[in-house]
Structure formats: structure tokens, C-alpha cells
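Enquirer: Next up is a structure, given as C-alpha cells.
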Amino acid sequence: MENVRNHVDVKLLTKWDGRLVYHIECDDVYDAMKRDIARFDTSDYPTDNAYGMPLANKKVPGLMKDENNGAIMTEFVGLRVKMYAVRVDGRKDIKKAKGVKNNVVTRTITFDDYTRCLNEEIEMTRRQSCIRSKLHQVYTVSESKIALSPYDDKRYIVPDSTETL
């Protein structure tokens with residue numbers, strides 16, 4: 001790509017587990033990737049992809065990778081660290097909420113819950129069951145947890161905006 005650091009139209013949306021999610025505004029991001037293919041791992045793209053992307057640099061450490069393999073990410077809602085939802089064309093929504101069991105997130109939380117939580121600044125709680133052990137006694141616990149929260153104590157939220165610093 002043309003040097004990403006010099007662009008004003010590239011924003012870091014979030015980072016987690018060593019991954020970075022960028023919002024890039026340009027005419028054709030896939031054309032820019034093809035021109036600078038040495039910086040990208042495109043090995044997981046379909047061989048007959050619509051963008052004519054060559055398959056290159058399989059599993060080379062340090063290279064950027066399109067986790068969606070050419071599928072377009074249409075929406076991203078990042079509430080806080082490890083609490084986000086991603087909508088990708090033609091795929092199921094990806095929903096993550098640290099501390100909440102995966103089956104609770106899958107069954108009871110929707111993508112719209114993430115957007116509502118962000119826009120209306122409300123916390124959402126969910127009930128989940130866990131198996132615990134204390135002094136070699138195993139028992140089940142039903143606990144109520146804050147599943148979604150718009151309050152990110154690790155970032156500064158710009159007033160009257162969804163932008164953070």
C-alpha cells in the first residue's frame with residue numbers, strides 16, 4: 001500500500017490478540033494491495049477471487065492479512081476492548097464479549113444489541129450458568145453478568161461522537 005502512516009483516510013478501529021482492524025478509504029484497496037503484494041499474506045483468498053488477487057506469502061510472520069479473504073466488512077461496532085461485533089457480506093455476524101460464555105453471546109445477543117448499547121449508552125446484562133468447584137465440591141452457579149457495556153475505561157471518548165483517542 002502507499003505508506004499507511006502518511007494517510008489521513010486510514011483509521012485504526014480496534015486491536016485485539018495482535019490483530020489490527022483498520023477503516024481505509026480509497027478508490028480500490030485491492031488494487032493497492034496488489035501493487036504492494038510483498039506486505040500482504042493473501043494465501044487464504046479463493047483461487048478464483050473477484051479481485052484477481054494473487055495468492056502469496058503464506059504464513060509469513062509480520063505481514064498484513066485480510067481476515068475476511070476478500071469478503072466486504074460492512075459494519076463494525078467496538079464497544080470496548082474484546083467486546084465488538086462485525087458484519088461481513090455473505091457471512092454470519094461475528095460477536096465477541098469477553099467474560100460472557102460463547103453460547104450466551106450466540107443465543108441471546110444480536111448485532112443490533114451492540115449498536116443499541118453504543119447509541120443509547122445502556123448496559124445489557126445476561127444470565128449464564130457455570131460449573132464451579134470449591135474445596136473439592138462441584139456445583140453449578142447461575143450468575144448475572146454485564147454482557148455489553150458502552151463504557152470503555154481504557155480510552156477517552158470524544159464528546160458527542162463515537163470517536164476515541
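The values are calculated or read from the model by the stated rules, or taken from the named source; none is laboratory data. These numbers were taken from a predicted model, which means no experiment stands behind them. Backbone-built Cβ (ideal geometry, glycine too); neighbour counts: all protein chains shown.
Enquirer: Report, by residue number, each residue of region 35-85 that is assigned to a loop (DSSP other than H, G, I, E, B), in contact with a Gly (Cβ under 8 Å, 6 or more places away or on another chain) and either aromatic (Phe, Trp, Tyr) or at positive phi (or both).
Expert: Once the filter is applied, which keeps residues that are assigned to a loop (DSSP other than H, G, I, E, B), in contact with a Gly (Cβ under 8 Å, 6 or more places away or on another chain) and either aromatic (Phe, Trp, Tyr) or at positive phi (or both), region 35-85 yields Tyr45, Tyr51.
Enquirer: Something else: Any chance you could count how many residues in region 90-115 are within 17 Å of the chain's Cα centre (by Cα), free of Cβ contacts under 8 Å to residues at least 24 places away in the same chain and assigned to a helix (DSSP H, G or I)?
Expert: Qualifying residue count for the region: 3.
Enquirer: Now for a different question. I want to confirm something. Restricting to region 83-126 and keeping residues that are out of contact with any Lys or Arg (no Cβ under 8 Å at 6 or more places or on another chain) and basic (Lys, Arg), which single residue is surrounded by the most Cβ atoms within 10 Å (Cβ to Cβ)?
Expert: Among those that are out of contact with any Lys or Arg (no Cβ under 8 Å at 6 or more places or on another chain) and basic (Lys, Arg), it is Lys95.
Enquirer: Picking from Ala38, Ala56, Ala32, which residue would you name as being modelled with pLDDT under 85 and either of a type in the set (Phe, Trp, Tyr) or more than 17 Å from Ser149 (Cα to Cα) (or both)?
Expert: Ala32
Enquirer: Tell me, which residue of region 127-159 that is of a type in the set (Asp, Glu) and within 14 Å of Met83 (Cα to Cα) is surrounded by the most Cβ atoms within 10 Å (Cβ to Cβ)?
Expert: Filtering first and then ranking leaves Asp152.
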